[in-house]
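Colleague: Next up is a structure, given as structure tokens.
What follows is calculated from the coordinates using simple rules that are stated; it is not laboratory data. Since the structure is predicted, the reported quantities are computational estimates derived from the model, not experimental observations. So basically every Cβ, Gly included, is an ideal-geometry build from the backbone, and we count neighbours across all protein chains shown.
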Amino acid sequence: MGMLGRWGCWVGVVKCAAGWADLGKEILFPERAMRYPWLIGVGCVVVASLCFGPSLGRANPAGAGAVAERLAATEHRLANLERLMEIDLLDDAAVERRIGERVEAQVRSLVLTLRSQLELYQIQHRGAYPDLVGQGWTQMLEATDAAGQVQSGGYGPYLREVPVNPLNGETRVVGGTNQAGPLAGWIYNRRTGALMMLVSRDDAKRYGLDRSVVYAY
């Protein structure tokens, strides 16, 4: 069936449907009877002649087969779409779990790396840890002498850049839990060298963060 034939088929379907609708109106509303009686005859003749062959007495198996193939293909696509939607729904929990595992691994790796560099600084500076609260990350980013004073050619540097808390974007270091909050990235005990990442309780729960490397405010 050519393009003209397909358009004619659709026109016939529309007219035939309109005619049957009017026929229903005639049954329900007799006062409107025979308003468009020609639509039923013309519409059905057009549909029959264009969709089923040049004559009403001969079927068009090729056209019927094509229609059946299109219907089967459509049903197949719909079935695939339904399966994909089911998979997406089932995978939501798995995706969240993977995200949590990835975030937890990154947080742990970052904190442990910083702790190892703090230990190296302590070894090379007469057992003293850097003053991250008072001087920020300067003593970790610059070369220093044994007393911790910035000096070219001394020990270090121990870090290439200022560590950023990936969950709140902050770099500031605080020395007590009373200062913990969203405006600081790290909490640090200079006496022991213990460093922890500051996170909200919601993030700690959402990502399943290890409380040995984070402090939740």
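Colleague: Is there any pair with a first residue in region 115-137 that is within 14 Å of TRP186 (Cα to Cα) and a second that is aliphatic (A, V, I, L, M) and loosely packed, with under 15 Cβ neighbours inside 10 Å whose Cβ atoms are under 7 Å apart and which are 6 or more apart or on different chains, and what are they?
Modeller: TRP137/VAL162
Colleague: List pairs: first residue in region 151-166 and farther than 27 Å from VAL103 by Cα, second residue surrounded by fewer than 18 Cβ atoms within 10 Å (Cβ to Cβ) and basic (Lys, Arg) anywhere in the structure, Cβ distance under 7 angstrom, at least six positions apart or on different chains.
Modeller: Every condition considered, no pair remains.
This table checks each residue for (1) hydroxyl-bearing (Ser, Thr, Tyr); (2) closer than 30 Å to ALA93 by Cα.
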| residue | (1), (2) |
| --- | --- |
| THR144 | yes, no |
| TYR158 | yes, no |
| VAL174 | no, no |
| GLY181 | no, yes |
| MET196 | no, yes |
| ASP203 | no, yes |
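The rows are residues; the columns are (1) of a type outside the set (A, V, I, L, M); (2) touching a helix residue (DSSP H, G or I) at 6+ places or on another chain (Cβ under 6 Å).
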{"position": "ALA94", "(1), (2)": "no, no"}
{"position": "GLY100", "(1), (2)": "yes, yes"}
{"position": "GLN106", "(1), (2)": "yes, no"}
{"position": "SER116", "(1), (2)": "yes, no"}
{"position": "HIS125", "(1), (2)": "yes, no"}
